[in-house]
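Peer 1: The structure is given below, and queries will be raised subsequently.
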Amino acid sequence: MTFQEFWTVDLWPLIWIVIKILCVVIPLMGAVAYISLYQRKIMAVMQLRKGPNVIGPWGLAQPLADGLKLIVKEWVIPAVADKPVFLIAPMLSFVLMLTAWAVIPFGAGLTVSNINLGVLFIFAISGLDVYGIVLAGWASNSRYAFLGGLRTTAQMISYEVSMGMIMASLLIFTGSLNLSMIVVTQQHIWFIIPFFPLAIMFFICILAETSRHPFDLPEAESELVAGYNVEYSGVLFALFQMGEYGNTILMSAVFATLFLGGWLPIFDIAPLNWIPGPLWLIAKTAVVVFVIYWLQATLPRFRYDQLMRLGWKVFLPLSLAIFIILAFIAHYNLNLVPHIMIG
Amino acid sequence: MENYMWLNALVFYVFAFVLIISALFVVFSKNPVHSVLFLILTFFNASALFILEGAEFIGFTLLVVYAGAVAIMFLFVVMFIDIDTHTIKGGLIKALPVALILGLIFLAELIVAFVSWKIPLTHVNSDLNLAFHATQVSNITDLGLVIYTRFFHIFQMGGLVLLVGMLGAISLTLRDKREDFKTQDISQQLERTYVNTLRIVQSEPQKNDNEKKDSENEKSTETDTANSNSNSNSNSNKDSDSSSDIEKTGEK
């Protein structure tokens, strides 16, 4: 094998993969940094404050300053902590967040990896997210952190089940688990219109899965100080924060892909379809993230038993029922849902 | 597909090596929580091997079901229960001969099976190109086509096993219905309105016979007993929900 062959056949595709990964990860890091500013500004406006406005024009350098502060800060590892697990937990939560971005389609053919089981991949990775938190809670060897970790475990597992059922209900109509195919299926109508109840349920599941308000029990400040990350400081804490913000963006992007037509424009007419697909996806994701922070400023926290009740006694039966009804509709080809091709 | 042969092999050996090492650590690590963590790593590597061989669906399902749900339950239990590791380790040494014999038998079976099992090379789907473009044959479609038709009975039997497992779990947790703990009925809470909750009670404690006796017995705590008696009376009249605080203020 000549070097030429080796280069074109073996090496270049590998380098190409790395380039594609960097194309996603680098903007994502920027987004993760600036979403904290986005959140604080939204909260500030809703509470009639100004929000961060000191560092840089309109506080635009605030995320950089925060990042720098956390990097420079000393790490404190508790003496009683299980050191390896304590160090692995934040890395795990950060890496898993990055991994899931591999299958998100940013445009027609614009994915790092266009695999057939994209939805299942997202589902599997978001199921593993719980380990970062539960390991942090256990390894810290602190009561508050442990309680936060245990709460998360139960919470994430409960909502994952109904989230899976909701995804499965959509898949009846798309006929494919490929996220790009799911977006293409929504060319005529976004899924949020025919499947509005599913979209609402999925959104609530996202809130519970990423432990955002009103389900932020793992880090309930008023009762558990900061929950699972109470013992973390410096870079390790930053990794948790980035993982959390990244997950919020990720699940919003998944919501945008499944229900809001991903990279598709609102109407397929001249000025709107000139805007490139990735921008549409980013805009839709930003809207979903806005709604998440809007809820954070609006709603009080759920109590733990209310959360469990909602997950197991309301969402699970409801999503199962919707799944069966939709399967029935699809099987008998009832034309209740216009313009959706049944796979 | 052949292009990535060496890469495929490299990735395979990395995952297989980590799989075996972590499986060993499941047995040998001293801390039970670490054992469970290594078990999760084992699941993860096994699913990576499945994906590498083109069985993505099984790989992801392994990840969702075992790593995402079953192992977390193990972890939950192990974290809660303070296990005495010394007795477990003693058991390990005692069981070692039997375990070795069983292990050798299984190893021999596997070797026999793999030597006689000749897979045509064309069927080996070295699917690292999964990362480049969607493969045409989706194995979830294949699975869907056969599982509800050709293997319907096996599928049903699997469902039955799951049902038995579910019933077992429910019967384990469902004890006699306890009366002594408080629960909240959310529909009842939501039905509460201003009109049928707030009630101004004009009670005159001295006129009640029972209370008279009480007040004679304990004159020092006269007002307290009157309060508690009137509360219990009014509670028995109304829903359990109606708040006694408001009535206290009514009395005052």
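Every read-out reported here was derived from the displayed coordinates using simple, explicitly stated rules and does not represent laboratory data. Here the structure is a predicted model, which is why all the values come from computation and not from measurement. Counting neighbours? That spans all protein chains shown, and the Cβs are built from the backbone with ideal geometry, glycine included.
Peer 1: Can you list the chymotrypsin sites (Phe, Trp or Tyr not before Pro) in the stretch A:48-116 that are in a DSSP coil and have 16 or fewer other beta carbons within 10 angstrom?
Peer 2: On the way: sites: A:W58, A:W75, A:F86, A:F94, A:W101, A:F106; in loops: A:W75, A:F106.
Those that pass, being in a loop and sparsely packed, are A:W75.
Peer 1: I've got another one for you. Can you give me the relative contact order of the stretch A:85-189 as a percent, contacts being Cα pairs under 8 Å and 6 or more apart?
Peer 2: 32 percent
Peer 1: Which is the longest run of chain A containing none of the trypsin sites (Lys or Arg not before Pro) found in DSSP loop states (not H, G, I, E, B) with at most 14 other C-beta atoms within 10 Å? Intermediate values should be presented prior to the final figure.
Peer 2: Details: sites that count: A:R49, A:K50, A:K73, A:R303.
Here the longest run is A:74-302.
Peer 1: Can you give the helix-only mean residue ellipticity at 222 nm for chain A, where every DSSP H stretch with n ≥ 4 adds -39500 (n - 2.57) and the sum goes over all residues, rounded to the nearest 500 deg cm²/dmol?
Peer 2: For chain A, the value works out to -21000 deg cm²/dmol.
Peer 1: Taking the number of other C-beta atoms within 10 Å as the exposure measure, put B:L174, B:L198 in order starting with the fewest.
Peer 2: In order of increasing Cβ crowding within 10 Å: B:L174, B:L198.
Peer 1: For the cross-link pairs A:K20/A:K69; A:K83/B:K94; A:K69/A:K284; B:K30/B:K94; A:K83/B:K30, which exceed 23 Å when the distance is taken from alpha carbon to alpha carbon?
Peer 2: Numbers: A:K20/A:K69 30 Å; A:K83/B:K94 32 Å; A:K69/A:K284 31 Å; B:K30/B:K94 17 Å; A:K83/B:K30 15 Å.
Violating the 23 Å limit, Cα to Cα: A:K20/A:K69; A:K83/B:K94; A:K69/A:K284.
Peer 1: From Cα pairs below 8 angstrom and at least 6 apart in sequence, can you work out the relative contact order of the stretch A:73-342, rounded to a whole percent?
Peer 2: Relative contact order here is 27 percent.
Peer 1: In addition: Let a ≥ b ≥ c be the square roots of the eigenvalues of the Cα gyration tensor of the stretch A:1-69; is it rounded (a/c under 1.5), or, if not, prolate (a/b larger than b/c) or oblate?
Peer 2: prolate
Peer 1: From the residues A:G30, A:W16, A:G56, which one has its Cα farthest along the dipole of the stretch A:1-69 in the positive direction, the dipole being from +1 and -1 charges on Cβ of Lys/Arg and Asp/Glu about the Cα centre?
Peer 2: Farthest towards the positive end: A:G56.
Peer 1: Residue by residue through the stretch A:32-38, which ³J(HN,Hα) values in whole Hz follow from phi under the Karplus form 6.51 cos²θ - 1.76 cosθ + 1.60 (θ = phi - 60°), with glycine and proline marked x?
Peer 2: Ordered by residue, 3J(HN,Hα) equals 5, 5, 7, 5, 5, 5, 4 Hz.
Peer 1: Any idea what the dipole of the stretch A:73-342 comes to, in debye rounded to 20, about its Cα centre with Lys/Arg Cβ at +1 and Asp/Glu Cβ at -1?
Peer 2: It comes to approximately 260 debye.
Peer 1: I want to verify the translational diffusion coefficient of chain A in µm²/s; compute it with Stokes-Einstein, Rh as the Kirkwood radius over Cα pairs, at 25 °C and 0.890 mPa s.
Peer 2: 114 µm²/s
Peer 1: Give a residue-ordered list of calculated ³J(HN,Hα) values for the stretch A:141-146 (Karplus: 6.51 cos²θ - 1.76 cosθ + 1.60, θ = phi - 60°; whole Hz; x for Gly, Pro).
Peer 2: Residue by residue, the stretch A:141-146 yields 6, 10, 4, 4, 5, 5 Hz.
Peer 1: Per-residue HN-Hα couplings for the stretch A:240-253, Karplus 6.51 cos²θ - 1.76 cosθ + 1.60 at θ = phi - 60°, whole Hz, x for Gly and Pro?
Peer 2: 3J(HN,Hα) across the stretch A:240-253, in whole Hz: 4, 4, 5, x, 5, 4, x, 5, 4, 5, 4, 5, 5, 5.
Peer 1: Can you list residues whose amide H is under 5 Å from A:D216's amide H, if they're 5+ apart or on another chain and H is modeled 1.01 Å from N?
Peer 2: Residues meeting the criterion, in which the H sits 1.01 Å from N, are A:F302.
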